[in-house]
Amino acid sequence: MQKNTPPPSTIRLTRRGRLVLIATGAVVAGTAVAVPLLSVERPGEKPQPATLVIPEGWRASQVYEAVDKALALPAGTTRNALPKAALKLPDDAAGNPEGYLFPATYPLDKKATPQTLLTYMVNTANKKFNGAPTAAGAQRNTMNVYQTVTIASLVQAEAATKADMGKVARVVFNRLERGMPLQMDSTINYALNRFTLKTTENDTRVESPYNSYQRMGLPPTPIDNPGEEAMRAALSPTPGDWLYFVTVKPGDTRFTASYAEHLRNVAEFNRNQHSPQSPQSPLGPQSSKSPKSQSAAAG
């Protein structure tokens, strides 16, 4: 167990090959996912009901855009329909449905509207999240359900595989318990409303409540809409003392409580890269000597 935490400016953790520090929250890097929104009817087949597919980890903004396209509505229609939807959200959400637009396949009929679809998603999330086992699990972790959904959103975005989700969740809790800042690129991306694997020093200075480099604790809301696997990981993290992790290569994510071991893993990660980082790489050029300058795009 590491007793002395290196200065926040010198530590970063990684998501799928990118180094980022996880301290009082968790990292997320959203990536736009192309999915079929409507089912395709083939000649000779019986007509199938149209459906809207919401993937795990999509942000609310992506969901709004997908609903607009699925219903052939002008861009921005679904977002503007939020006040009329009267969604049953937790008080902590303050009317923001992020985290509660549950990822699933939703039927589209002729009566579907942005309000009915958003209501369907939130009601589905409430059924999934508001059961007694979920409340008990959150309380066991000294969290409420909304905070647990927020952690799940970080896990959803950060874990390279489902098998890693429990460990990523444990890193989040370990850092929260030690009063360490999250310093996660995913929260920066959310603050800047972008999808990228590159984060610069200037990015980490952005004025935003989602800037986990500048602010302690969890972000004020979830940063995407997590699925059931991520929620289970947030409720029951894998036991361990890890504080750092890095994906050395695809399929090989290493978790550790030792900063020195983490740096060795980072060095191996660097050696596995095909070419040196460009000057535009996050936090400066790639260097195996300086931990605060090591970062790379996810593979």
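The values are calculated or read from the model by the stated rules, or taken from the named source; none is laboratory data. All of these numbers come straight from a predicted model, not from anything done at the bench. As a convention, Cβ positions derive from the backbone with ideal geometry for all residues, glycine included, and neighbour counts pool all protein chains shown. All accessible areas refer to the heavy atoms of the entire protein, side chains included, with ligands and DNA or RNA removed. Shrake-Rupley method; radii C 1.70, N 1.55, O 1.52, S 1.80 Å.
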Quick check on my filter: what residues within region 219-248 are within 15 Å of the chain's Cα centre (by Cα), part of a loop (DSSP other than H, G, I, E, B) and buried (at least 24 other Cβ atoms within 10 Å of the Cβ)? 219, 222, 223, 224, 225, 226
List every residue pair whose Cβ atoms sit under 6 Å apart, with the two residues 6 or more apart in sequence or on different chains, where the first one lies in region 82-98 and is closer than 15 Å to residue 149 by Cα and the second, anywhere, is polar (S, T, N, Q). 96/221; 98/221
Filtering region 89-103 down to residues that are open to solvent by less than 70 Å² (accessible area, probe 1.4 Å) and on the phi > 0 side of the Ramachandran plot yields 95, 99
Selection from region 62-72 of residues that are open to solvent by 40 Å² or more (accessible area, probe 1.4 Å) and part of a helix (DSSP H, G or I): 65, 69
For residues in region 135-161 being farther than 18 Å from residue 221 by Cβ and of a type in the set (Ser, Thr, Tyr), which is surrounded by the fewest Cβ atoms within 10 Å (Cβ to Cβ)? 142
Of all residues making up region 73-88, the number that are open to solvent by less than 90 Å² (accessible area, probe 1.4 Å) and assigned to a helix (DSSP H, G or I): 4
Could you check how many residues of region 198-218 are under 18 Å from the mean Cα position of the chain (by Cα) and part of a loop (DSSP other than H, G, I, E, B)? 12
Would you please list the contacts, defined by Cβ atoms under 6 Å and residues six or more apart or on different chains, that run from a residue in region 50-63 that is under 19 Å from residue 111 (Cβ atoms) and in contact (Cβ under 8 Å) with a residue 60 or more places away in the chain to a residue that is part of a helix (DSSP H, G or I) and open to solvent by 10 Å² or more (accessible area, probe 1.4 Å)? 52/70
State yes or no: is residue 195 closer than 24 Å to residue 121 by Cβ and outside any helix (DSSP H, G or I)? yes
Could you go through region 260-276 and let me know if any residue there is within 20 Å of the chain's Cα centre (by Cα), charged (D, E, K, R), over 30 Å from residue 131 (Cβ atoms) and surrounded by fewer than 23 Cβ atoms within 10 Å (Cβ to Cβ). no
Quick one: residue 253 ticks every box in (1) open to solvent by 10 Å² or more (accessible area, probe 1.4 Å); (2) over 28 Å from residue 127 (Cβ atoms); (3) part of a loop (DSSP other than H, G, I, E, B) bar one, so which box is it? (3)
Would you be able to tell me the number of residues in region 109-125 that are part of a helix (DSSP H, G or I) and open to solvent by 30 Å² or more (accessible area, probe 1.4 Å)? 5
So in region 178-199, with the set limited to residues that are touching a residue at least 12 places away in the same chain (Cβ under 8 Å) and open to solvent by 50 Å² or more (accessible area, probe 1.4 Å), which one is farthest from residue 130 (Cα to Cα)? 198
